[in-house]
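One structure is given below, encoded as C-alpha coordinates.
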Amino acid sequence: MKKHLLLLLVFIFTACAYPTIGITHPNSTNPTSPSPTISQSATSGTIEQFKITKDLNPITVRVNVIILEDEKRPKSNFSLNDAEEKSLLKDYFERINLSWSKFYAPSNLTGCYTGSDFYEDSKIRFVFDYITIKDSYAWNYKNSGANLEKKNYAGISPSENWYLAYLDQKIAHDPSVQKGINVYLTMDGDNFDRLYQSKGAGYNLNGIEASQLPSLTKLDRTSSVNVPNRYLKYFYHRYELAKEHQTTWKETRGWHIGDAVGTAHELGHSLGLNHNNQYHQSNACQYSLMSQNWQHARNYLQPTEILKAHKNLRESNLIQFVTEDSFLGNTFTIPSNTHWTKTQRFYSNLMLSDHVELRISEPIIMAPRAAITFGNQSKIIFEKNGKISYPNGKEFANYVNKKSNSIIKN
Ligand SMILES: [Zn+2]
(Lines give C-alpha, C1' and ligand atoms only; values in the text may rest on other atoms or scores of the structure.)
Protein backbone atom coordinates (compact mmCIF):
# COMPACT_ATOMS: atom_id res chain seq x y z
CA MET A 1 0.00 0.00 0.00
CA LYS A 2 2.71 2.45 1.03
CA LYS A 3 4.85 1.62 -2.01
CA HIS A 4 1.85 2.24 -4.21
CA LEU A 5 1.30 5.64 -2.58
CA LEU A 6 4.96 6.57 -2.91
CA LEU A 7 4.95 5.62 -6.60
CA LEU A 8 1.96 7.87 -7.14
CA LEU A 9 3.67 10.72 -5.32
CA VAL A 10 6.80 10.30 -7.42
CA PHE A 11 4.71 10.22 -10.58
CA ILE A 12 2.89 13.43 -9.70
CA PHE A 13 6.15 15.12 -8.81
CA THR A 14 7.59 14.40 -12.28
CA ALA A 15 4.29 15.28 -13.98
CA CYS A 16 4.22 18.70 -12.30
CA ALA A 17 7.69 19.65 -13.45
CA TYR A 18 7.16 18.48 -17.03
CA PRO A 19 9.06 20.82 -19.37
CA THR A 20 7.30 22.03 -22.50
CA ILE A 21 9.15 20.72 -25.51
CA GLY A 22 9.46 22.55 -28.82
CA ILE A 23 8.85 26.13 -27.69
CA THR A 24 11.93 28.26 -27.14
CA HIS A 25 12.26 31.91 -26.39
CA PRO A 26 15.32 33.78 -27.59
CA ASN A 27 15.54 35.73 -24.34
CA SER A 28 14.74 32.90 -21.97
CA THR A 29 17.16 32.37 -19.13
CA ASN A 30 18.62 29.00 -18.39
CA PRO A 31 16.00 27.45 -16.07
CA THR A 32 18.68 25.91 -13.86
CA SER A 33 20.20 29.27 -12.97
CA PRO A 34 18.27 31.39 -10.48
CA SER A 35 16.28 34.16 -12.12
CA PRO A 36 16.55 37.59 -10.50
CA THR A 37 12.77 37.64 -10.08
CA ILE A 38 12.88 34.65 -7.70
CA SER A 39 13.11 35.88 -4.15
CA GLN A 40 14.99 33.60 -1.79
CA SER A 41 13.06 34.78 1.27
CA ALA A 42 11.53 32.19 3.54
CA THR A 43 8.02 32.69 2.23
CA SER A 44 8.89 32.46 -1.45
CA GLY A 45 10.35 29.57 -3.41
CA THR A 46 9.36 26.76 -5.73
CA ILE A 47 6.76 24.20 -4.69
CA GLU A 48 9.56 21.68 -4.15
CA GLN A 49 11.41 24.14 -1.88
CA PHE A 50 8.37 24.72 0.35
CA LYS A 51 9.24 25.13 4.01
CA ILE A 52 7.09 25.90 7.02
CA THR A 53 7.82 29.36 8.39
CA LYS A 54 6.39 31.17 11.40
CA ASP A 55 4.66 33.80 9.27
CA LEU A 56 2.38 31.30 7.47
CA ASN A 57 -1.34 31.28 8.27
CA PRO A 58 -2.57 27.78 9.13
CA ILE A 59 -4.72 25.81 6.69
CA THR A 60 -7.98 24.65 8.28
CA VAL A 61 -9.42 21.20 7.57
CA ARG A 62 -13.09 20.54 8.34
CA VAL A 63 -13.96 17.48 10.42
CA ASN A 64 -17.50 16.17 10.94
CA VAL A 65 -17.75 14.40 14.29
CA ILE A 66 -20.61 11.96 13.72
CA ILE A 67 -22.19 10.92 17.03
CA LEU A 68 -23.98 7.67 16.27
CA GLU A 69 -26.98 6.80 18.43
CA ASP A 70 -29.02 3.66 18.87
CA GLU A 71 -32.64 4.76 18.57
CA LYS A 72 -33.73 1.78 20.72
CA ARG A 73 -31.82 2.96 23.81
CA PRO A 74 -32.63 6.15 25.74
CA LYS A 75 -28.92 6.95 26.06
CA SER A 76 -26.28 5.46 23.78
CA ASN A 77 -23.62 8.13 23.08
CA PHE A 78 -22.57 11.69 23.92
CA SER A 79 -25.53 14.05 23.95
CA LEU A 80 -25.17 17.58 22.58
CA ASN A 81 -28.07 18.56 24.88
CA ASP A 82 -26.03 17.65 27.95
CA ALA A 83 -23.71 20.57 28.76
CA GLU A 84 -21.16 18.39 30.57
CA GLU A 85 -20.93 15.82 27.76
CA LYS A 86 -20.89 18.46 25.06
CA SER A 87 -18.03 20.40 26.67
CA LEU A 88 -16.07 17.18 27.21
CA LEU A 89 -16.51 16.23 23.57
CA LYS A 90 -15.43 19.68 22.39
CA ASP A 91 -12.41 19.78 24.69
CA TYR A 92 -11.41 16.30 23.47
CA PHE A 93 -11.47 17.27 19.80
CA GLU A 94 -9.91 20.71 20.36
CA ARG A 95 -6.99 18.90 22.03
CA ILE A 96 -6.15 17.59 18.52
CA ASN A 97 -5.26 21.13 17.46
CA LEU A 98 -2.72 21.33 20.29
CA SER A 99 -1.10 18.13 18.94
CA TRP A 100 -0.82 19.66 15.46
CA SER A 101 0.26 23.17 16.46
CA LYS A 102 2.81 22.63 19.24
CA PHE A 103 5.57 20.14 18.53
CA TYR A 104 8.60 19.63 20.75
CA ALA A 105 12.08 19.08 19.34
CA PRO A 106 13.23 15.56 20.37
CA SER A 107 16.12 15.51 22.82
CA ASN A 108 17.52 12.44 21.07
CA LEU A 109 16.90 11.56 17.41
CA THR A 110 17.86 7.85 17.70
CA GLY A 111 15.43 5.91 15.52
CA CYS A 112 14.00 9.14 14.04
CA TYR A 113 14.63 11.30 11.02
CA THR A 114 17.95 12.99 11.83
CA GLY A 115 17.73 16.22 9.81
CA SER A 116 18.54 19.33 11.83
CA ASP A 117 15.37 21.12 10.71
CA PHE A 118 12.42 21.34 13.08
CA TYR A 119 8.96 22.86 12.76
CA GLU A 120 7.14 23.77 15.93
CA ASP A 121 3.81 24.12 14.15
CA SER A 122 2.40 22.08 11.27
CA LYS A 123 0.33 25.11 10.16
CA ILE A 124 -2.59 22.68 9.82
CA ARG A 125 -5.68 23.07 12.02
CA PHE A 126 -8.96 21.21 12.31
CA VAL A 127 -12.40 22.73 12.79
CA PHE A 128 -15.09 20.41 14.15
CA ASP A 129 -18.79 20.16 13.42
CA TYR A 130 -20.83 17.87 15.66
CA ILE A 131 -23.65 15.89 14.07
CA THR A 132 -25.90 13.32 15.74
CA ILE A 133 -27.25 10.48 13.59
CA LYS A 134 -29.69 7.87 14.91
CA ASP A 135 -28.79 4.58 13.25
CA SER A 136 -28.62 1.46 15.42
CA TYR A 137 -26.79 -0.55 12.74
CA ALA A 138 -24.06 2.07 12.35
CA TRP A 139 -23.87 2.70 16.13
CA ASN A 140 -22.81 -0.93 16.79
CA TYR A 141 -19.52 -1.64 15.03
CA LYS A 142 -19.99 -5.33 15.85
CA ASN A 143 -22.33 -5.25 12.82
CA SER A 144 -19.18 -5.01 10.69
CA GLY A 145 -18.16 -8.51 11.76
CA ALA A 146 -15.09 -7.10 13.50
CA ASN A 147 -14.03 -8.29 16.92
CA LEU A 148 -11.37 -6.02 18.38
CA GLU A 149 -10.67 -8.34 21.32
CA LYS A 150 -9.84 -11.11 18.84
CA LYS A 151 -7.84 -8.66 16.73
CA ASN A 152 -10.22 -9.13 13.82
CA TYR A 153 -10.37 -5.64 12.36
CA ALA A 154 -12.04 -6.42 9.02
CA GLY A 155 -14.90 -4.08 8.30
CA ILE A 156 -14.18 -1.46 10.97
CA SER A 157 -11.30 0.17 9.11
CA PRO A 158 -12.72 2.94 6.92
CA SER A 159 -12.49 2.12 3.21
CA GLU A 160 -14.74 2.24 0.17
CA ASN A 161 -16.40 -0.99 1.31
CA TRP A 162 -16.36 -0.81 5.09
CA TYR A 163 -19.53 -1.21 7.10
CA LEU A 164 -20.26 2.56 7.13
CA ALA A 165 -19.61 3.14 3.39
CA TYR A 166 -23.36 3.81 2.92
CA LEU A 167 -23.23 6.55 5.59
CA ASP A 168 -20.12 8.08 3.98
CA GLN A 169 -22.18 8.43 0.77
CA LYS A 170 -25.30 9.66 2.53
CA ILE A 171 -23.35 12.38 4.38
CA ALA A 172 -21.40 13.36 1.24
CA HIS A 173 -24.68 13.96 -0.60
CA ASP A 174 -26.43 15.78 2.25
CA PRO A 175 -26.43 19.49 1.32
CA SER A 176 -26.87 20.46 4.99
CA VAL A 177 -23.48 18.94 5.90
CA GLN A 178 -20.27 20.68 4.88
CA LYS A 179 -17.70 18.38 3.32
CA GLY A 180 -15.18 17.23 5.90
CA ILE A 181 -13.30 14.23 7.21
CA ASN A 182 -15.94 12.11 8.96
CA VAL A 183 -14.99 10.92 12.44
CA TYR A 184 -17.54 8.31 13.56
CA LEU A 185 -18.10 7.73 17.27
CA THR A 186 -19.14 4.05 17.18
CA MET A 187 -19.85 1.57 19.98
CA ASP A 188 -19.43 -2.06 20.96
CA GLY A 189 -23.17 -2.81 21.08
CA ASP A 190 -22.62 -6.20 22.76
CA ASN A 191 -20.89 -4.69 25.79
CA PHE A 192 -22.65 -1.32 25.94
CA ASP A 193 -25.36 -2.15 28.50
CA ARG A 194 -22.95 -3.89 30.87
CA LEU A 195 -20.44 -1.00 30.89
CA TYR A 196 -23.11 1.74 30.88
CA GLN A 197 -24.83 0.23 33.91
CA SER A 198 -21.56 -0.40 35.77
CA LYS A 199 -20.39 3.16 34.97
CA GLY A 200 -17.25 1.79 33.37
CA ALA A 201 -16.40 -0.84 36.04
CA GLY A 202 -14.81 -3.86 34.36
CA TYR A 203 -13.86 -1.87 31.27
CA ASN A 204 -11.98 -4.31 29.06
CA LEU A 205 -12.50 -3.09 25.50
CA ASN A 206 -9.61 -2.81 23.06
CA GLY A 207 -8.75 0.81 22.31
CA ILE A 208 -8.12 0.64 18.58
CA GLU A 209 -9.03 3.49 16.22
CA ALA A 210 -8.80 3.32 12.42
CA SER A 211 -8.44 5.78 9.58
CA GLN A 212 -8.25 6.01 5.79
CA LEU A 213 -5.31 7.33 3.75
CA PRO A 214 -6.11 10.06 1.19
CA SER A 215 -6.65 9.28 -2.49
CA LEU A 216 -4.55 10.93 -5.20
CA THR A 217 -6.75 9.58 -7.99
CA LYS A 218 -10.35 9.88 -6.71
CA LEU A 219 -10.50 13.52 -5.71
CA ASP A 220 -14.20 13.28 -4.75
CA ARG A 221 -13.68 10.30 -2.44
CA THR A 222 -14.71 10.55 1.21
CA SER A 223 -12.22 10.21 4.11
CA SER A 224 -13.32 8.66 7.39
CA VAL A 225 -12.03 7.78 10.84
CA ASN A 226 -13.53 5.27 13.26
CA VAL A 227 -13.28 6.15 16.96
CA PRO A 228 -15.02 3.36 18.92
CA ASN A 229 -16.26 3.32 22.52
CA ARG A 230 -15.30 6.88 23.45
CA TYR A 231 -18.54 7.29 25.41
CA LEU A 232 -17.91 4.16 27.49
CA LYS A 233 -14.35 5.38 28.04
CA TYR A 234 -15.88 8.57 29.46
CA PHE A 235 -17.66 6.56 32.16
CA TYR A 236 -14.48 4.59 32.80
CA HIS A 237 -12.46 7.79 33.29
CA ARG A 238 -15.12 9.65 35.23
CA TYR A 239 -16.13 6.98 37.74
CA GLU A 240 -13.84 3.96 37.63
CA LEU A 241 -10.40 5.56 37.25
CA ALA A 242 -11.28 8.33 39.70
CA LYS A 243 -12.15 5.65 42.28
CA GLU A 244 -9.15 3.44 41.46
CA HIS A 245 -6.67 6.33 41.75
CA GLN A 246 -8.53 8.03 44.61
CA THR A 247 -8.77 11.25 42.69
CA THR A 248 -11.38 13.53 41.19
CA TRP A 249 -13.14 13.74 37.84
CA LYS A 250 -11.34 17.04 37.41
CA GLU A 251 -8.09 15.10 37.14
CA THR A 252 -9.33 12.04 35.23
CA ARG A 253 -11.13 14.37 32.80
CA GLY A 254 -7.64 15.55 31.83
CA TRP A 255 -6.63 11.91 31.22
CA HIS A 256 -9.69 11.42 29.05
CA ILE A 257 -8.80 14.47 26.96
CA GLY A 258 -5.20 13.21 26.76
CA ASP A 259 -6.55 10.24 24.77
CA ALA A 260 -7.18 12.72 21.94
CA VAL A 261 -3.53 12.30 20.97
CA GLY A 262 -4.70 8.93 19.56
CA THR A 263 -7.32 10.66 17.41
CA ALA A 264 -4.71 13.29 16.39
CA HIS A 265 -2.62 10.31 15.19
CA GLU A 266 -5.60 8.98 13.18
CA LEU A 267 -6.02 12.37 11.50
CA GLY A 268 -2.32 12.04 10.61
CA HIS A 269 -3.31 8.95 8.60
CA SER A 270 -6.16 10.97 7.05
CA LEU A 271 -3.48 13.45 5.91
CA GLY A 272 -1.44 10.61 4.36
CA LEU A 273 1.09 9.77 7.09
CA ASN A 274 2.08 6.24 8.09
CA HIS A 275 3.75 4.64 11.12
CA ASN A 276 6.93 4.40 9.06
CA ASN A 277 8.40 6.63 6.37
CA GLN A 278 11.46 6.82 4.15
CA TYR A 279 13.59 7.69 7.21
CA HIS A 280 12.53 5.10 9.76
CA GLN A 281 10.66 1.84 10.39
CA SER A 282 7.21 1.62 11.99
CA ASN A 283 7.11 3.11 15.50
CA ALA A 284 10.92 3.53 15.59
CA CYS A 285 10.76 7.23 16.49
CA GLN A 286 9.53 7.39 20.08
CA TYR A 287 8.63 11.09 19.79
CA SER A 288 6.53 10.88 16.65
CA LEU A 289 2.80 11.53 16.74
CA MET A 290 2.63 8.71 14.16
CA SER A 291 4.03 6.11 16.58
CA GLN A 292 1.42 3.51 17.59
CA ASN A 293 2.95 3.12 21.02
CA TRP A 294 0.81 5.12 23.47
CA GLN A 295 3.73 5.15 25.93
CA HIS A 296 5.77 7.15 23.43
CA ALA A 297 5.82 10.95 23.80
CA ARG A 298 4.00 11.46 20.47
CA ASN A 299 4.49 15.23 20.55
CA TYR A 300 6.68 15.65 17.46
CA LEU A 301 6.41 15.29 13.68
CA GLN A 302 9.45 15.37 11.45
CA PRO A 303 9.48 18.22 8.88
CA THR A 304 9.35 15.85 5.89
CA GLU A 305 6.10 14.34 7.20
CA ILE A 306 4.55 17.77 7.79
CA LEU A 307 5.43 18.70 4.20
CA LYS A 308 3.93 15.39 3.00
CA ALA A 309 0.64 16.33 4.68
CA HIS A 310 0.70 19.76 2.98
CA LYS A 311 1.37 18.10 -0.40
CA ASN A 312 -1.63 15.85 0.14
CA LEU A 313 -3.73 18.90 1.06
CA ARG A 314 -2.85 20.27 -2.41
CA GLU A 315 -3.12 17.11 -4.48
CA SER A 316 -5.47 14.54 -2.93
CA ASN A 317 -9.20 14.21 -2.12
CA LEU A 318 -8.39 16.31 0.99
CA ILE A 319 -8.80 19.41 -1.21
CA GLN A 320 -12.57 18.99 -0.63
CA PHE A 321 -12.29 19.42 3.13
CA VAL A 322 -10.20 22.58 3.50
CA THR A 323 -12.11 25.74 4.48
CA GLU A 324 -12.68 28.15 1.61
CA ASP A 325 -10.61 30.99 3.14
CA SER A 326 -7.53 28.89 3.98
CA PHE A 327 -4.46 30.77 2.79
CA LEU A 328 -0.87 30.15 3.90
CA GLY A 329 0.24 33.50 2.49
CA ASN A 330 3.52 32.36 0.94
CA THR A 331 4.34 32.54 -2.78
CA PHE A 332 5.22 29.58 -4.96
CA THR A 333 7.43 30.55 -7.86
CA ILE A 334 7.18 28.67 -11.14
CA PRO A 335 10.81 29.01 -12.28
CA SER A 336 10.66 27.14 -15.60
CA ASN A 337 8.19 25.91 -18.20
CA THR A 338 5.73 23.64 -16.44
CA HIS A 339 2.80 21.42 -17.38
CA TRP A 340 0.17 20.63 -14.74
CA THR A 341 -1.79 17.57 -15.81
CA LYS A 342 -3.61 16.99 -12.48
CA THR A 343 -5.93 19.05 -10.34
CA GLN A 344 -4.24 20.91 -7.49
CA ARG A 345 -5.52 23.29 -4.87
CA PHE A 346 -3.20 26.08 -3.74
CA TYR A 347 -3.31 28.02 -0.48
CA SER A 348 -0.46 30.24 -1.71
CA ASN A 349 0.24 32.93 -4.29
CA LEU A 350 1.79 31.86 -7.57
CA MET A 351 4.53 33.81 -9.36
CA LEU A 352 5.58 32.94 -12.90
CA SER A 353 9.20 33.82 -13.56
CA ASP A 354 10.09 35.77 -16.71
CA HIS A 355 9.43 33.91 -19.98
CA VAL A 356 7.88 30.91 -18.23
CA GLU A 357 4.95 29.09 -19.77
CA LEU A 358 2.58 27.31 -17.42
CA ARG A 359 0.37 24.78 -19.21
CA ILE A 360 -2.72 23.72 -17.31
CA SER A 361 -4.75 20.70 -18.48
CA GLU A 362 -6.95 20.06 -15.42
CA PRO A 363 -8.76 22.44 -13.01
CA ILE A 364 -6.63 24.37 -10.52
CA ILE A 365 -8.17 25.87 -7.38
CA MET A 366 -6.79 29.03 -5.81
CA ALA A 367 -7.45 30.65 -2.42
CA PRO A 368 -9.70 33.76 -2.62
CA ARG A 369 -6.92 35.89 -1.10
CA ALA A 370 -4.23 34.58 -3.47
CA ALA A 371 -2.73 36.37 -6.47
CA ILE A 372 -1.05 35.03 -9.60
CA THR A 373 1.74 37.30 -10.80
CA PHE A 374 3.11 37.21 -14.34
CA GLY A 375 6.82 37.79 -14.90
CA ASN A 376 7.87 39.47 -18.17
CA GLN A 377 6.55 37.57 -21.19
CA SER A 378 5.29 34.69 -19.05
CA LYS A 379 2.09 32.92 -20.04
CA ILE A 380 -0.61 30.63 -18.76
CA ILE A 381 -1.92 28.26 -21.41
CA PHE A 382 -5.22 26.47 -20.71
CA GLU A 383 -5.84 23.26 -22.59
CA LYS A 384 -8.23 20.27 -22.24
CA ASN A 385 -10.04 20.78 -18.88
CA GLY A 386 -7.61 23.45 -17.72
CA LYS A 387 -9.01 26.43 -15.77
CA ILE A 388 -8.33 28.29 -12.56
CA SER A 389 -11.16 28.90 -10.12
CA TYR A 390 -11.90 29.71 -6.49
CA PRO A 391 -13.15 26.98 -4.13
CA ASN A 392 -16.75 28.13 -4.83
CA GLY A 393 -16.27 27.41 -8.54
CA LYS A 394 -16.11 31.06 -9.70
CA GLU A 395 -13.41 31.93 -12.20
CA PHE A 396 -10.15 33.18 -10.69
CA ALA A 397 -9.52 36.85 -11.47
CA ASN A 398 -6.74 38.15 -9.21
CA TYR A 399 -3.90 38.36 -11.74
CA VAL A 400 -1.01 40.82 -11.38
CA ASN A 401 0.96 42.21 -14.38
CA LYS A 402 -1.43 40.45 -16.74
CA LYS A 403 -1.08 41.58 -20.38
CA SER A 404 -3.52 41.00 -23.22
CA ASN A 405 -1.52 37.98 -24.36
CA SER A 406 -0.70 36.53 -20.90
CA ILE A 407 -3.48 33.95 -20.98
CA ILE A 408 -4.04 31.64 -23.93
CA LYS A 409 -6.96 29.26 -24.20
CA ASN A 410 -6.32 26.36 -26.59
ZN1 LIG B 1 -1.91 4.42 13.17
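Worth a mention:
- Residue within the range 319-340 that is touching a strand residue (DSSP E or B) at 6+ places or on another chain (Cβ under 8 Å) and part of a helix (DSSP H, G or I) present: yes
- Top-ranked residue in the range 55-74 [being over 25 Å from LYS142 (Cβ atoms) and among the polar types (S, T, N, Q); ranked as surrounded by the most Cβ atoms within 10 Å (Cβ to Cβ)]: THR60
- Every listed requirement among (1) of a type in the set (S, T, N, Q); (2) crowded, with 20+ Cβ neighbours inside 10 Å; (3) outside the structural domain of SER116 (by TED's automatic domain parsing) is met by SER361 save one, (2).
- Pairs meeting the criteria (first residue in the range 250-274 and within 17 Å of LEU98 (Cβ to Cβ), second residue part of a helix (DSSP H, G or I) and of a type in the set (Val, Ile, Thr), beta carbons under 8 Å, at least 6 apart or on different chains) are ALA260/ILE96; THR263/ILE96; ALA264/ILE96; LEU267/ILE96.
- Scanning the range 277-291 for residues that are closer than 17 Å to PRO106 by Cα, within 13 Å of the ligand (Cβ to nearest atom) and part of a loop (DSSP other than H, G, I, E, B) yields a total of 4.
- Meets criteria (in contact with a Gly (Cβ under 7 Å, 6 or more places away or on another chain) and β-branched (Val, Ile, Thr)) for ILE407: no
- Of all residues in the range 192-213 being polar (S, T, N, Q) and within 33 Å of the chain's Cα centre (by Cα), the one that is nearest to ASP259 (Cα to Cα): ASN206
- Filter result for SER211 (touching a Gly at 6+ places or on another chain (Cβ under 9 Å), within 16 Å of the ligand (Cβ to nearest atom) and within 20 Å of ALA138 (Cα to Cα)): yes
- Residues in the range 235-250 that are over 25 Å from VAL63 (Cβ atoms) and either within 16 Å of the ligand (Cβ to nearest atom) or hydrophobic (A, V, I, L, M, F, W, C) (or both): LEU241, ALA242, TRP249.
- Candidates ARG298, ARG253 - the one that is within 13 Å of the ligand (Cβ to nearest atom) and either at pLDDT 95 or above or not small (Gly, Ala, Ser) (or both): ARG298
Condition check ((1) closer than 29 Å to GLN178 by Cβ; (2) surrounded by fewer than 17 Cβ atoms within 10 Å (Cβ to Cβ); (3) in the same structural domain as GLU315 (by TED's automatic domain parsing)) across all residues:
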position	(1), (2), (3)
LEU350	yes, no, no
GLU357	no, no, no
GLN377	no, yes, no
LYS387	yes, yes, no
GLU395	yes, yes, no
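- Any chance LYS123 is over 21 Å from VAL227 (Cα atoms), outside the structural domain of THR331 (by TED's automatic domain parsing) and either over 25 Å from the mean Cα position of the chain (by Cα) or surrounded by fewer than 16 Cβ atoms within 10 Å (Cβ to Cβ) (or both): no
- Scanning the range 257-271 finds one or more residues that are more than 16 Å from the ligand (Cβ to nearest atom), at pLDDT 95 or above and touching an Asp or Glu at 6+ places or on another chain (Cβ under 9 Å).
- The range 285-318 - residue that is basic (Lys, Arg) and touching a strand residue (DSSP E or B) at 6+ places or on another chain (Cβ under 9 Å) and, of those, nearest to ALA260 (Cα to Cα): ARG298
- Among the residues of the range 160-214, those that are of a type in the set (S, T, N, Q), surrounded by fewer than 20 Cβ atoms within 10 Å (Cβ to Cβ) and modelled with pLDDT of 95 or more comprise GLN169, SER176, GLN178, ASN191, GLN197, SER198.
- Count - residues of the range 214-232 that are within 16 Å of the ligand (Cβ to nearest atom) and closer than 17 Å to LEU273 by Cα: 5
The values are calculated or read from the model by the stated rules, or taken from the named source; none is laboratory data. All of these numbers come straight from a predicted model, not from anything done at the bench. Backbone-built Cβ (ideal geometry, glycine too); neighbour counts: all protein chains shown.
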